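The values are calculated or read from the model by the stated rules, or taken from the named source; none is laboratory data. In this text, all values refer to a predicted model and were calculated from it rather than measured experimentally. Glycine gets a Cβ as well: all are built from the backbone with ideal geometry, and neighbour counts include every protein chain shown.
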Amino acid sequence: MRATTVIVLLAVCVASTFAFIPVKLPKSPPTPCCLASQYELYQFTWDPTKRFDVGWFIASDATNSRVFMAGTDYNGKKQHAYNFQTLYLYDSKKMYYIDSTGSCFEGDLNSTMGQQCVPSFASYEGSPTVGGSLVTNVFNFEVGTGKDTDYNTAVVTATGCIPVSDILASEKLGVLDTTYWDYVGSITNTSVFNIPKGCPSVQKLFEKVPKPHGWRWAHLHEEN
């Protein structure tokens, strides 16, 4: 039986545009995969309609149940940019947030660190190549119901399940386009997980700090 040629919509980070790319579906389609237990990467998320974008450095260490994030948030409508850092220590149920002024705050973390995976119910759409040699797998899936539904397209490498890009569309958030780069399959600097000193406690800190959107973040936390 010959492979069936289909057209998939792949988010390609070239001039921030979409491209229709013909790909061939294999006879045995790939199954959804999980990210490595330890990694570092950069990600950039933007929404051109809202003139919003944010860049992150993320160190994720599922082996020791901890995540560090450092980001720069830019709001084009307000012409305002600010830097911040967030540290999640799941075993101790604590999180720490450092705002753009350098002020530090401590809060409770009432969640556990779940495994970061493309959901098992995601549908495989194709395996296009990026740059002529990097083979990727494209998966579509929905999370939520009704007006709270998030429509996701996740693109990961066929080998290693390294995130390449994703698109999240929802009635609440609009369309968010995220691209990933400079992936490292280990933690190169464990000092980012050091607990900052002199941080006063703040109630419901988790609800107040900036958080990245997308399928990886949605499956990072499992609320108790």
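From the list Thr72, Thr129, which residue is β-branched (Val, Ile, Thr) and under 19 Å from the mean Cα position of the chain (by Cα)?
It is Thr72.
Got a sec? Which of Lys147, Lys50 is among the basic types (Lys, Arg), in contact with a strand residue (DSSP E or B) (Cβ under 9 Å, 6 or more places away or on another chain), surrounded by 13 or more Cβ atoms within 10 Å (Cβ to Cβ) and not in a strand (DSSP E or B)?
The unique qualifying residue is Lys50.
Six or more apart or on different chains, Cβ atoms under 6 Å: show the pairs whose first residue is in the range 68-86 and under 18 Å from Tyr96 (Cβ atoms) and whose second is at pLDDT below 85 and among the aromatic types (Phe, Trp, Tyr).
That search, which allows pairs on different chains as well, returns Asp73/Tyr82.
Considering only the range 30-56, state which residues are farther than 22 Å from Ala158 by Cα and modelled with pLDDT of 95 or more.
Within the range 30-56, none qualify.
Report whether or not Pro163 is within 28 Å of Leu205 (Cβ to Cβ), out of contact with any Gly (no Cβ under 6 Å at 6 or more places or on another chain) and surrounded by 15 or more Cβ atoms within 10 Å (Cβ to Cβ).
yes
Among (1) modelled with pLDDT of 90 or more; (2) surrounded by 16 or more Cβ atoms within 10 Å (Cβ to Cβ), which single condition is Ile195 missing?
Condition (2) is where Ile195 drops out.
Can you tell me how many residues within the range 191-215 are in contact (Cβ under 8 Å) with a residue 40 or more places away in the chain and among the hydroxyl-bearing types (Ser, Thr, Tyr)?
1
So which strands (runs of 3 or more DSSP E) stay within the range 78-138 end to end and still have 1 or more residues that are at pLDDT 95 or above, surrounded by fewer than 17 Cβ atoms within 10 Å (Cβ to Cβ) and touching a Gly at 6+ places or on another chain (Cβ under 6 Å)?
Because the criterion is at least 1 residues that are at pLDDT 95 or above, surrounded by fewer than 17 Cβ atoms within 10 Å (Cβ to Cβ) and touching a Gly at 6+ places or on another chain (Cβ under 6 Å), no strands (runs of 3 or more DSSP E) in the range 78-138 meet it.
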